[in-house]
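Worksheet for the structure shown next.
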Amino acid sequence: MSKISVKVKGIVECNGKYLLIQKWYDDNIVNPYKWEFVDSILTAGERPEEAAIHNIHVHTGLAAKVENIPYTWTYSVGDTKYVGIAFVCNAEEDIVILSDEYSNSVWVEEDELKNYIEDTLMLKDLHKYLGINIDMT
């Protein structure tokens, strides 16, 4: 029997820039130091919007508001099916205080995202659903 997990991704924007973070090296992480948006697994009883805002605050110290849900995605690992919900969130300040899980953060312009994010499907989603100008060539 398959398990289902829900992931929430917080795409944080402030003053026209997007926040990317890196996790510390860990033997359990396939690609350590990979740039990513704030994400987490939803726990029982959590509402997705509240989980996204909570995780952004816990991991970056930022207060953010959900602006919209641009896209969802799915994938499987073993017998677990994942459903992901992306939330675009706006932060009024750009001062980041990282939790111990993360090693680095950077605010980037939309045309710089392709220099940090390796996942081409995510880049296509950002372009298609957010209108972010990402030249994939």
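The values are calculated or read from the model by the stated rules, or taken from the named source; none is laboratory data. Note that the structure is predicted; figures quoted are calculated from it, not measured. Cβ placement follows ideal geometry from the backbone for every residue including glycine, while neighbour counts extend to all protein chains displayed. Just so you know, the surface numbers come from the protein's heavy atoms only, side chains and all, with ligands and any DNA or RNA stripped out. Shrake-Rupley method; radii C 1.70, N 1.55, O 1.52, S 1.80 Å.
By the Stokes-Einstein formula, at 0.890 mPa s and 25 °C, the stretch 41-106 with its Kirkwood radius over alpha-carbon pairs has D equal to 183 µm²/s. For the stretch 73-86, putting each phi into the Karplus relation 6.51 cos²θ - 1.76 cosθ + 1.60 with θ = phi - 60° gives couplings of 8, 9, 6, 10, 9, x, 9, 9, 9, 10, 10, x, 10, 8 Hz, in residue order, rounded to whole numbers and with x for Gly and Pro.
Of all DSSP bridge pairs formed entirely within the chain, close to 70 percent run antiparallel. Here's how it looks for LYS81: its modeled amide H is under 5 Å from those of LYS3, ILE4, SER5, which are all 5 or more places away or on a different chain.
Round to the nearest 0.05 the FRET efficiency obtained for ASN15 and GLU101 when R0 = 35 Å and r is the Cβ-Cβ distance.
Given R0 = 35 Å and the Cβ-Cβ separation, E is 0.90.
Just checking the listed ones, GLY16, GLY84, GLY45: in the Gaussian network model of the chain with Cα springs under 10 Å, the one fluctuating most is GLY45. The chymotrypsin sites (Phe, Trp or Tyr not before Pro) found in the stretch 11-93 that occupy coil by DSSP, while having at most 13 further C-beta atoms within 10 Å, are TRP24, TYR25, TYR33. Lys and Arg at +1, Asp and Glu at -1: add these up for the other residues within a Cβ distance under 13 Å of HIS59 and post the number. Net local charge, HIS59 excluded: -2. Which entry in (1) 50, 26, 24; (2) 47, 28, 20; (3) 45, 35, 32 is this structure's computed Cα extents along the principal axes in Å? Only one listed value fits the structure, namely (3).
Cross-link partners for LYS81 among the aspartates and glutamates, with Cα-Cα distance under 20 Å and sequence neighbours closer than 8 places in the same chain left out: ASP39, GLU46, ASP119, ASP125.
A 1.4 Å probe run over the protein chains yields, for the chain, 60 Å² of accessible area per residue, whole-number rounding. Geometric descriptor of the stretch 74-137, per residue, is 142 Å³ (volume of the convex hull of the Cα atoms). Between SER2 and GLU67, the contour length at 0.36 nm per residue exceeds the alpha carbon distance by 20.2 nm. Of the solvent-accessible surface of the chain, computed with a 1.4 Å probe over protein heavy atoms with every protein chain present, carbon and sulfur atoms account for 49 percent.
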